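The structure appears below as structure tokens.
The values are calculated or read from the model by the stated rules, or taken from the named source; none is laboratory data. Computed from a predicted model, the values in this text were never measured in an experiment. The accessibility values were calculated without ligands, DNA or RNA, using every heavy atom of the protein model including side chains. Shrake-Rupley method; radii C 1.70, N 1.55, O 1.52, S 1.80 Å.
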Amino acid sequence: TKALELAEIMDDTRYRLGAIFGLYAHRLTTGEYRVALGLAQKFGTVAAETADRSDVPIGNRLIGQALHILGDQPGARRHLEPLVRSRLATVRPSHIILYQYDQRVLLDCYYARVLWLQGFGDQARRLTESLVDYVRPRDHMLSFVYSLLIAACPIALYVGDLTTADDHVSVAADVATRNGLEIWNVWAQC
């Protein structure tokens, strides 16, 4: 909150977006989903006012993710699907530095979950397997583990493929352990 206040005083858009994102992530973590949705909308507004509009898709992804968590799958899909089709949220090193993850990974994770909840299990499964193939060779273990534990493993479980789910959990636990990502190792154990 203080970082956002200072960024607004300094009129620094980059820091405003980073602070809003941090508040959004915190609100999601603490279960304040409606507040997170409001922050996502604020992020989108700030991103739309910048000369470099590369953060606009991230704002739409944040809104889509919050709507998904709030149970509004049609609304989530309206925000996520155009991004998936256009690949506007592809990887940028500056986005990984500021937002922690490859934005394509986050986008595909939540889009796959929305597809599953809307009855498109085969599409969700294909998307998560494609996502794992996309992120595996990249040198960003945090995004790789995220893809496995937030989307690929749950979707495999949902479609009844326990062997694939077990493989994803094993790989995630191994990667998390080797890279000191303890919270993700705990998640894999769960």
Problem - Binned Cα-Cα distances of region 1-51, short to long, each 5 Å bin given as a whole percent - result: 5, 24, 31, 24, 12, 4, 0
Handout entry: Amide hydrogen neighbours beyond the local backbone of Asp102, cut-off 5 Å, H modeled
Key = Ser143
Problem - Karplus-derived HN-Hα couplings along region 16-26 (A = 6.51, B = -1.76, C = 1.60, θ = phi - 60°), whole Hz, x at Gly and Pro - result: 4, 4, x, 5, 4, 4, x, 5, 4, 4, 4
Completion exercise
Carbon and sulfur atoms account, in whole percent of the 1.4 Å probe accessible area of the chain, for 55
Practice task
Please work out the average accessible area per residue across the chain, using the 1.4 Å probe convention, and give it in Å².
Solution key: 49
Exercise for the section: Would you look at the GNM of the chain, springs on alpha carbons closer than 10 Å, and say which of Thr45, Thr164, Thr30 moves the most? Expected result: Thr30
Practice task
Please report the base-10 log of the normalised intensity I(q)/I(0) for the chain, using a Debye sum with one equal scatterer per alpha carbon and no solvent, at each q in 0.15 (1/Å).
Solution key: -0.90
Fill in the blank from the handout: log10 I(q)/I(0) for region 35-91, Debye formula on C-alpha points only (no solvent), q = 0.25, 0.26 Å⁻¹, two decimals, reads -0.97, -1.02
Practice task
Report ³J(HN,Hα) in whole Hz for each residue of region 182-187, in order, from the Karplus equation J = 6.51 cos²θ - 1.76 cosθ + 1.60 where θ = phi - 60°; Gly and Pro get x.
Solution key: 4, 4, 6, 5, 4, 4
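If region 124-174 were replaced by its equivalent ellipsoid, with semi-axes equal to the square roots of 5 times the Cα gyration tensor eigenvalues, what would those be, largest first, whole Å?
Details: eigenvalues 58, 28, 12 Å².
Here the semi-axes work out to 17, 12, 8 Å.
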Fill in the blank from the handout: If one builds a Gaussian network model of the chain from Cα atoms under 10 Å apart, the most fluctuating residue listed among Pro82, Pro137, Pro74 is Pro137
Handout entry: For the chain, built as a Gaussian network whose Cα springs stay under 10 Å, the top-fluctuating residue of His79, His140, His168
Key = His140
Practice task
Between the alpha-carbon centers of region 1-70 and region 136-178, tell me the distance in whole angstrom.
Solution key: 27
